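**Q** Input: one structure, supplied below.
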Amino acid sequence: MSKNTSSRIAQGVTNTLKIAIVSFFALMGAFVASPALADSVGEEFDYRIAGNVKSQGDPLEGVRIDVSGNGFTSSVATDSDGKWSIGVPQDGEWTVSLAVETLPADVEVGDEELSRGVSIGPSGSVIQNFIFGQSERALISFTDQLVSRLIYGLNFGLMLGLAAIGLSLVYGTTGLSNFSHAELVTFGALMALFFSVALSLPLWIAFPLALLASAGLGWAQDAALWRPLRKRGLGLVQLMIVSIGLSLAARYLMQFFVGGGTQQLPGASAIKIPLFGAVALSIVDLASMGISLVVIVVFALWLTFSRTGKATRAISDNADLAAASGIDVDRVVRIVWIISSVLAGLAGILWAYFRPGIKWDMGEKILLLMFAAVVLGGLGTAFGALIGAIIVGLLVETSALFIPSDLKYLGALVLLIAILLVRPQGLLGRKERVG
Amino acid sequence: MDWGIILSNTAQSLLSPATMAFALAALGLAVHFGFAGLLNFGIAGFMAVGAYGYAISILTFGLQWWTSALVGIVAAAVFAIIMGVPTLRLRGDYLAIVTIAAAEIVRLLFLTTAFEEVTGSADGLFGYHASFRASNPFPEGTYGFGPWTYNEVEFWVLVIGVVLVALAALFVWRLMNSPWGRVIKGIREDEDAVRALGKNVFSYKIQALIIGGVIAAIGGIVYALPSAVNPNVYMTSLTFFVWTALLLGGAATVFGPLLGAVIFWVLQAFLSSFLPALVASGILPMVSSAQASTLRFVLVGIGLVLLVIFRPQGILGDKRELTFVK
């Protein structure tokens, strides 16, 4: 019996030893294995799953990601930027899971799913990010978020207003719904890029030069294209389709010169300074709002009090009557083209900072928002366009609080259709404009 | 420069699914703009609704391919009603802006990650071909000759496409020579005169919008049949390209849109082989091959401008039958 007991004890000891040894080697294995996990594995395969692991905005290093599915498994550890990438042999459905034991102890997993299904589409790759500590965002009170969004929206709206005023002025004086206005916005930004980055001029010279180039383009467009077409007696719909063709040609010509990538103006990554509540703005944001406001006030004074400004409004009201009372319509229209090109170019530079980045089709992205602003305010009324633009800007930014942010332009487009339904003349327009 | 490849690529595009899709979309647009005078700039939206209606019905609801195609068509009719009821009372350029916005709303809804389960978000939809291929009456093998050589699946797509284009053209031709077509053309010329005759102009316009929209949606389905559905295809540029094809052939004609679509794609295919070949052989200096392929879109834009200024009635059109020249 004692023999039995002792053998049992011996067995117990051996078992314990076994467990200890196994766990020791497992630990060793873990230590040895971790460095073997690169941040990118499976380079030999054509399909790729990649992503980022972050906690409260900081990248997490050394977190293990496992991918399994279709009879294949692979693991990877994140690099110092929190990035990881795994090559897989085929497309279709895969399961990506994050090994929770490799997360640092202070990371709040919260309601972030640690194991997810992903599918690789025709692009051959898919991104799967794990972002922890996002729930902290909800700690910012709704009012603070709203205030912050309203300020961004105001900034965006003022900038959109600069572009929309030009669109509305051209419509008012010539009746043209100018679809190529978006390309004037892109052109201003591209010229700023050319003078400030390619020629390395200081910004205070580069930006005025860019606006001068915009003015030149506006003048040249009217002189070479729109004035001859007006003389030819082309209908408004024909002119509109001409502007569409011009927009296509100009847009792809700009892609021809700058390529498909995104480029930054100097100072685009300025630090955001926390002001109050949840509001944080960079120097560039503040300067942008300041410039927009000053330019809009100067423009408003010009339109209200100067002779040419009055003539512009007279032509918008009734071109024939204005011509009959001795106003040189062609001269005023040319000035209007120059002014709207400069305003659009300025909007382009400011938008390049707001987005941020300059791309060949950046103007086209806000063309419909400009139209929404112009229609909302009343086609052909400059101040209406400004009010419309501010409403659209505020709507776009605040709606992102309630709907997914990739749908934030939706609100403005729905508003565009709704306003035409209930008040087609817009906020400041007069009813007779609508046929 | 290898002229053999360039010419064979060009010849292939004569009967490609893209050409037939454009022919159908341009025909639908001809009903809208050419015959009814509606400035619809949302044709890409109709194509998207058709293509997504087709793909979603197969992938999410597991329907057969032809019931799915019907779903796409019905969805386009519904889209026409939703878009038309509030907007058809508006004057020309207002309608243009609203329709372009409506098409963009549709695209954003298909693009957003909020409905990713159903729409596939930015990846789009793919892998819905099983039912269509199973219905293929042609046995495995190669069909056709020269540049027009197809396997049995491609040939099945081709046959379906050609039959649909022919049926749609026949339908529009009969329709425009019917009393209904004469009222529609009357609305294009003078809405008030038709209203004075006691016709319900609004109702006729909605009908035209639905018919044209359905034809465009069939175009969208043909576009999606052999390949995949991707939200980046249905951008406003697609609308403008269809407009270019339509105006090239002649807006107020039945065969103009078909001719325009063929010329548009043949030229596109030619330039997309020819321009890079020019670059490769050093004839276009300082230009990369990526730049060379953007050049053809520059040429589309310039072509559209020149066309509208100098020959707004298009190749087959009659200048008297074009309201926008006034």
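**Q** For region B:75-198, max minus min Cα coordinate along each principal axis, in Å, sorted largest first?
**A** 61, 43, 25
**Q** Take peptide B:101-108, look around each residue's Cβ out to 10 angstrom, count Cβ atoms belonging to other protein chains, and average those counts.
**A** Partner Cβ neighbours, averaged per residue: 5.
**Q** Further, regarding this structure: For region B:63-69, in order, what is each residue's ³J(HN,Hα) by Karplus, 6.51 cos²θ - 1.76 cosθ + 1.60 with θ = phi - 60°, in whole Hz (x at glycine and Pro)?
**A** 7, 5, 5, 6, 5, 5, 4
**Q** Evaluate E = 1/(1 + (r/R0)^6) for B:Arg320 and A:Asp317, where r is the Cβ-Cβ distance and R0 equals 25 Å; express this FRET efficiency to the nearest 0.05.
**A** Efficiency at R0 = 25 Å is approximately 0.15.
**Q** I've got another one for you. For the residues B:Ile73, A:Ile273, A:Ile49, what sequence is obtained by ranking on other C-beta atoms within 10 Å, fewest first?
**A** A:Ile273, B:Ile73, A:Ile49
**Q** Could you work out how far the C-alpha centroid of region A:359-435 sits from that of region A:264-303, in angstrom?
**A** 22
**Q** Under a GNM of chain A (C-alpha, springs under 10 Å), which listed residue has the highest mean-square fluctuation: A:Gly235, A:Gly348, A:Gly384?
**A** So, out of A:Gly235, A:Gly348, A:Gly384, the one fluctuating most is A:Gly235.
**Q** Please list 3J(HN,Hα) in residue order for region B:286-299, calculated via the Karplus relation 6.51 cos²θ - 1.76 cosθ + 1.60 where θ = phi - 60°; whole Hz, with x for glycine and proline.
**A** 6, 10, 7, 6, 5, 5, 4, 6, 6, 4, 5, 6, 4, 5
**Q** So how do A:312-324, B:81-93, B:34-46 stack up, highest first, on mean other-Cβ count within 10 Å?
**A** Output ranking for A:312-324, B:81-93, B:34-46: B:34-46, B:81-93, A:312-324.
**Q** Ok, one more. Between B:Leu95, B:Leu248, B:Leu225, where does the largest GNM mean-square fluctuation fall for chain B, given springs only between Cα atoms within less than 10 Å?
**A** Looking only at B:Leu95, B:Leu248, B:Leu225, the biggest GNM fluctuation is shown by B:Leu95.
**Q** Let me ask another. Would you give the gap between the C-alpha center of region A:36-92 and the C-alpha center of region B:250-274, rounded to a whole Å?
**A** 46
**Q** Moving on to the next point. Rg and Dmax of region A:40-137, using alpha carbons, in Å: what are they?
**A** Radius of gyration, then largest Cα-Cα span, for region A:40-137: 13.1, 40 Å.
**Q** Right, another one. Quote the FRET efficiency, to the nearest 0.05, computed for A:Ala220 versus B:Arg91 with a Förster distance R0 of 35 Å and r equal to the Cβ-Cβ distance.
**A** 0.70
**Q** Report the calculated FRET efficiency for A:Ile205 and B:Glu189 (r = Cβ-Cβ distance, R0 = 35 Å), to the nearest 0.05.
**A** That pair, A:Ile205 with B:Glu189, gives E of 0.05.
**Q** What are the residues whose amide H is under 5 Å from the amide H of A:Lys83, where those residues sit 5 or more places off or on another chain and H is modelled from the backbone?
**A** For A:Lys83, whose amide H was placed from the backbone, the distant partners under 5 Å are A:Val53.
**Q** Ignore the peptide's own chain and count Cβ atoms of other chains within 10 Å of each Cβ in A:249-261; give me the average, rounded.
**A** Average per residue, whole number: 5.
**Q** Pulled fully out, how much extra length does the chain show between A:Glu113 and A:Val298, if you take 0.36 nm times their separation in residues and subtract their Cα-Cα distance?
**A** 61.2 nm
**Q** Starting from the 7 Å offset along Cα-to-Cβ, what nm value, one decimal, do you get for the label separation of A:Asp406 and B:Gln64?
**A** 3.5
**Q** For region B:10-20, what does the Karplus curve 6.51 cos²θ - 1.76 cosθ + 1.60, with θ = phi - 60°, yield as ³J(HN,Hα) per residue in whole Hz, taken in order and with x for Gly and Pro?
**A** For region B:10-20, the Karplus curve yields 4, 5, 4, 5, 4, 10, 7, x, 4, 4, 5 Hz.
**Q** Here's something else I'd like to know. How many Cβ atoms of partner chains, on average, are near each residue of B:288-298 if near means within 10 Å of its Cβ?
**A** Partner-chain Cβ atoms within 10 Å, mean over residues of B:288-298: 4.
**Q** Cα centroid distance between region B:9-55 and region A:143-220, in Å?
**A** Each part's Cα centre sits 34 Å from the other's.
**Q** Take chain B, connect every pair of alpha-carbon atoms lying under 10 Å apart with a spring to form a Gaussian network, then pick out the residue of B:Phe297, B:Phe110, B:Phe79 with the largest mean-square fluctuation.
**A** Most flexible of the set in this elastic network: B:Phe297.
**Q** So if the hydrodynamic radius of region A:141-433 is defined as the Kirkwood radius over C-alpha pairs, what does Stokes-Einstein give as its diffusion coefficient at 25 °C and 0.890 mPa s, in µm² per second?
**A** Reported coefficient: 127 µm²/s.
**Q** Relative to the present Cα-Cα distance, how much length would full extension add between B:Arg311 and B:Leu197 at 0.36 nm per residue of separation?
**A** 37.7 nm
**Q** If I model a spin label at B:Asn232 and A:Asp79 as a point 7 Å from the Cα along the Cα→Cβ vector, what separation in nanometres do I get?
**A** Going by the 7 Å Cα→Cβ label model, 2.4 nm.
**Q** Quick one: go through region A:392-416 and flag any residue whose amide nitrogen is under 11 Å from the point 7 Å out along the Cα-to-Cβ line of A:Phe142.
**A** A:402
**Q** Of all DSSP beta bridges in the protein assembly as shown, what percent run antiparallel (nearest 5)?
**A** Close to 80 percent.
**Q** Search the structure for amide H atoms under 5 Å from the amide H of A:Ser282, placed 1.01 Å from N in the peptide plane, and list their residues when 5 or more places away or on another chain.
**A** Those qualifying (amide H under 5 Å, at least 5 residues apart or on another chain) are A:Ile273.
**Q** Count the net charge of all other residues whose Cβ sits under 11 Å from the Cβ of A:Ile120, scoring Lys and Arg as +1 and Asp and Glu as -1.
**A** It works out to a net charge of -3.
**Q** Continuing with this model, one more query. Using all C-alpha to C-alpha distances in region B:3-235, build P(r) with 5 Å bins and read off the rounded percent in each one.
**A** 1, 7, 13, 17, 17, 15, 12, 9, 6, 3, 1, 0, 0
Laboratory data are not the source of any read-out in this text; all were calculated from the coordinates shown. Quick caveat: nothing in here was measured; it's all calculated off a predicted structure. Note that we place each Cβ from the backbone using ideal geometry, even for glycine, and neighbour counts take in every protein chain shown.
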